[in-house]
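The values are calculated or read from the model by the stated rules, or taken from the named source; none is laboratory data. The shown structure was predicted, so the numbers you read here are calculated from the model rather than taken from an experiment. Using ideal geometry, Cβ is built from the backbone for each residue, glycine included, and neighbour counts are taken over all protein chains shown.
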Amino acid sequence: MYRALEPSVLLLAGHLVTDEQSALRKALLYIFARYIEIPMLRFAYSGMRGRLRFLSDNTLARFLLKRLVLQPIGLRGDTAHPLPTADVLKLIDDQTSAIAVGPCRCRVAHGQCRHRLETDMVIRTGVEAFTKAWPHDYRELARDEAKRLIEVCADEGLWHMVFLHLPTAAGANEYVICNCCTDGCVPFMLNKVFGQDGFPLVRGEHVAHTLADRCRGCGDCLAVCPWEARTLVDGVVAVDSDKCFGCGLCARVCRNGGVSLVRERPRPPLRTYLEQKSAS
Ligand code: SF4
Ligand code: SF4
């Protein structure tokens, strides 16, 4: 009974204190990094694509997982929002903390993805937590090195997501920049398999609109869109803005300048984010 309650107690405790630099929130992030994250990702992957797949296939198990585990984690525990490459480069420029890089926690957890491994770029309180939890895995990166790695990841078709630890209406603890792919990123898979109401990610600020006069209908952007937000209609791409999470991959691959990323949503997690989620 106590063990079942423990995660909820930790989440609640983290929300009583909103300052990300508080000893409590830093300790919770360390505990998450050291003891919770990898087993949780491994379990989640297995529940969707591995031996425990029946959990996501079975209607009752799905319902219980969504309501009792995944939705609370996505809303209050740990979630992510996608950012286009230019915004991540700016985020790195704006960092006052050190930056460190280590192996992607998802790819380590399930070992089923062939993309590059060293893509987990911790920032702010994430640096202290992860370098302490995994001292042999993480190394400090100079700012220019970090920016080069972001560009390399984008060129390899990875999109960036900034993860938030214990998001509250009062503050954001952005602790890691991940470089994600559809076969590696477990939070992305959870969002796809269980839906936005099952495992909510934060929609990025941008929506990718098509510039009809430049679009040649080649379909390159359709192939890379992780959320399948793009479809070809009469030779021009139509975008479902409700599905677009603003990762910017489509704009990066379009050789004709046919995608315009427009900032249409507030930068999360603002109070509006939590209000939207509780209303959904
Ligand atoms: S990649 Fe560019 S040109 Fe090709 S379909 Fe997409 S928007 Fe149109
Ligand atoms: S349309 Fe797809 S690829 Fe383009 S920004 Fe939106 S989610 Fe990303």
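Miscellaneous remarks
- Residues of the range 220-247 that are assigned to a strand (DSSP E or B) and either charged (D, E, K, R) or assigned by TED's automatic domain parsing to the domain that holds THR85 (or both): ARG230 alone.
- Looking across the range 181-200, the residues that are crowded, with 24+ Cβ neighbours inside 10 Å and part of a loop (DSSP other than H, G, I, E, B) come down to GLY184, CYS185, PHE199.
- Set side by side, the residues GLU118, GLU140, GLU151 differ, and just one is acidic (Asp, Glu), at pLDDT 95 or above and assigned to a strand (DSSP E or B), which is GLU140.
- Single unsatisfied condition, CYS178 versus (1) in the same structural domain as ARG116 (by TED's automatic domain parsing); (2) surrounded by fewer than 24 Cβ atoms within 10 Å (Cβ to Cβ): (2)
- Residue among GLY257, GLY246, GLY204 that is within 7 Å of ligand 2 (Cβ to nearest atom) and in contact (Cβ under 8 Å) with a residue 40 or more places away in the chain: GLY246
- Qualifying residue in the range 209-227 (condition: more than 16 Å from ligand 1 (Cβ to nearest atom), surrounded by 20 or more Cβ atoms within 10 Å (Cβ to Cβ), within 30 Å of THR59 (Cβ to Cβ) and under 17 Å from the mean Cα position of the chain (by Cα)): no
- Scanning the range 154-180 for residues that are over 20 Å from ILE31 (Cβ atoms) and assigned to a strand (DSSP E or B) yields TRP159, HIS160, MET161, VAL162, ILE177, ASN179, CYS180.
- Unmet requirement for PHE245, which otherwise passes all of (1) modelled with pLDDT of 90 or more; (2) more than 16 Å from ligand 1 (Cβ to nearest atom); (3) farther than 21 Å from LEU89 by Cβ: (3)
- Odd one out for VAL127, checked against (1) within 23 Å of LEU24 (Cα to Cα); (2) touching a helix residue (DSSP H, G or I) at 6+ places or on another chain (Cβ under 6 Å); (3) surrounded by fewer than 22 Cβ atoms within 10 Å (Cβ to Cβ): (2)
- Check on PRO226, at pLDDT 95 or above and in contact with a helix residue (DSSP H, G or I) (Cβ under 8 Å, 6 or more places away or on another chain): yes
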